[in-house]
Each structure stands twice: as C-alpha cells, then as structure tokens.
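Colleague: Here it is, the structure, as structure tokens.
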C-alpha cells in the first residue's frame with residue numbers, strides 16, 4: 001500500500017472524520033503515535049492502515065484491497 005492508497009482508503013472508510021482520525025487518534029499498535037506520526041516515522045502505510053482499522057473496529061472484510069484505483073480500461 002502506498003501513502004496515496006492509504007489516504008484514499010481512510011477517506012473512503014471514514015468520510016469527513018478521516019483527517020481528524022489520522023491526526024488525532026492515538027494508535028496503541030503504533031507505539032502510541034497517531035497515524036500521521038507513524039507514517040512520518042517511516043512505518044509502512046499498510047501497517048498504519050491495519051492499526052487504524054483495529055482501533056476503530058473496521059470489519060476485516062473492509063480492510064484489504066482498499067485504496068487502490070480501478071485499473072484503466074483500454
């Protein structure tokens with residue numbers, strides 16, 4: 001997962017609350033950092049996404065494969 005995919009996934013899942021969660025919610029699984037701090041510390045976006053999902057009770061069915069753009073059709 002790339003950082004841009006992380007952003008799309010967070011926005012799709014949390015809507016208007018996305019940026020507040022990324023900037024303010026402390027994630028125990030990320031060493032008590034926010035998602036933004038974890039990303040800035042170099043933690044892979046996929047790991048941050050999964051920690052955010054755990055902390056906010058996102059169902060497992062919505063955790064995988066999100067954030068990717070649809071492939072272009074020729």
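Colleague: Residue by residue through segment 26-42, note down the ones that are surrounded by fewer than 17 Cβ atoms within 10 Å (Cβ to Cβ) and either touching a helix residue (DSSP H, G or I) at 6+ places or on another chain (Cβ under 7 Å) or touching a residue at least 12 places away in the same chain (Cβ under 8 Å) (or both).
Modeller: Matches in segment 26-42: 28, 29, 36.
Colleague: Another question, if that's okay. Considering only segment 6-25, state which residues are in contact with a helix residue (DSSP H, G or I) (Cβ under 7 Å, 6 or more places away or on another chain), surrounded by 14 or more Cβ atoms within 10 Å (Cβ to Cβ) and over 11 Å from residue 52 (Cβ atoms). Steps first, answer last, please.
Modeller: Just the residues of segment 6-25 that are in contact with a helix residue (DSSP H, G or I) (Cβ under 7 Å, 6 or more places away or on another chain), to begin with: 6, 9-11, 13-14, 18, 21-23, 25.
Of the ones still in play, those that are also surrounded by 14 or more Cβ atoms within 10 Å (Cβ to Cβ) are 6, 9-11, 13-14, 18, 21-22, 25.
Across segment 6-25, the qualifying residue is only 11.
Bear in mind that the values in this text are calculations on the coordinates, not laboratory data. If you're wondering where the values come from, they're calculated on a predicted model, not measured in any experiment. FYI the Cβ positions are ideal-geometry reconstructions off the backbone, even for glycines, and counts take in every protein chain you see.
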